[in-house]
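Below is one structure; the comments refer to it alone.
The values are calculated or read from the model by the stated rules, or taken from the named source; none is laboratory data. Small disclaimer: the values here were computed from a predicted structure and weren't measured. FYI the Cβ positions are ideal-geometry reconstructions off the backbone, even for glycines, and counts take in every protein chain you see. Just the protein is used for accessible areas: all its heavy atoms, side chains included, with ligands, DNA and RNA removed. Shrake-Rupley method; radii C 1.70, N 1.55, O 1.52, S 1.80 Å.
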Amino acid sequence: MVRGMIIALCLVALNGTAQQETYIRPGLLRSTMTFSPSYMLNNTTTNYYVTGLLEGYLNENLSIRSEAHYLVGAKSPELSPFFKNSIRASLGVQLHAPIGNFDSYLGFAPSFSVSQLNAEVDANGDHPFHFEPSFAIKAGFTYYVWKFFNFFAEATYYNTTVLNLDRINGRADELMISVGLGFNINTKK
């Protein structure tokens, strides 16, 4: 009797899993907006960004992703944080390894940022703007819980160097952590 009930429960559970809709497919659009702390690897500053992304799946294993980060604050045990202002944007590809509605991924994205440094002041007392090309390497996972929502966690390494500085180390590599709720929609049936 007990064996029969266990077998019946397993069959019901497997039937429910087999009928669960798969959301990872061509035409899937995914977006998020989150608060992301970022740890500078060349000094002790922690930066805080508002991060937004839009990602489109070409197939279940490949997507194109655009991303933007806006610096909203920083914490540093030194006199001042490294960046006064910073905006970063990137466009790249992601390789996915989905299992059901769980998706792990790796990505590469050329990027650029426009920033001002706290430690640099020109002759007029202004902080000059710098344009820095860079790149990002990303790893993370997403779990699609419903046809409109997902949960995600990812880590991103940004390789950035601010050029043409006088007596200031321009290395500005960062490790950014993002976790949160995302939104998705399938544009194809």
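Residue-wise test of (1) in a strand (DSSP E or B); (2) closer than 25 Å to residue 125 by Cβ.
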position: 30; (1), (2): yes, no
position: 36; (1), (2): yes, no
position: 44; (1), (2): no, no
position: 64; (1), (2): yes, no
position: 71; (1), (2): yes, yes
position: 80; (1), (2): no, yes
Do any residues in segment 169-189 that are under 12 Å from residue 158 (Cβ atoms) and in contact (Cβ under 8 Å) with a residue 24 or more places away in the chain have Cβ atoms under 6 Å from those of residues that are in a loop (DSSP other than H, G, I, E, B) and open to solvent by 80 Å² or more (accessible area, probe 1.4 Å), where the two are at least six apart or on different chains, and which pairs are they? 173/41
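Just one of 156, 160 is open to solvent by less than 40 Å² (accessible area, probe 1.4 Å), modelled with pLDDT of 95 or more, farther than 18 Å from residue 28 by Cα and out of contact with any Phe, Trp or Tyr (no Cβ under 8 Å at 6 or more places or on another chain); which is it?
156
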May I ask you to list pairs of residues, at least six apart or on different chains, whose Cβ atoms are under 6 Å apart, with the first in segment 97-109 being in contact (Cβ under 8 Å) with a residue 60 or more places away in the chain and the second being assigned to a loop (DSSP other than H, G, I, E, B) and open to solvent by 40 Å² or more (accessible area, probe 1.4 Å)? 98/60
Among the residues of segment 17-47, which ones are within 13 Å of the chain's Cα centre (by Cα) and among the hydroxyl-bearing types (Ser, Thr, Tyr)? 31, 32, 34, 36, 38
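For (1) in contact with a Pro (Cβ under 9 Å, 6 or more places away or on another chain); (2) surrounded by fewer than 18 Cβ atoms within 10 Å (Cβ to Cβ); (3) in a strand (DSSP E or B); (4) modelled with pLDDT of 95 or more, each residue gets a yes or a no:
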site	(1), (2), (3), (4)
92	yes, no, yes, yes
113	yes, no, yes, no
122	yes, yes, no, no
125	no, yes, no, no
133	yes, yes, yes, no
139	no, yes, yes, yes
Subset of segment 80-90 (residues that are in contact with a His (Cβ under 9 Å, 6 or more places away or on another chain) and open to solvent by less than 10 Å² (accessible area, probe 1.4 Å)): 86, 88
Consider residue 37 carefully, then state whether it is open to solvent by less than 50 Å² (accessible area, probe 1.4 Å) and either basic (Lys, Arg) or at pLDDT 95 or above (or both). yes
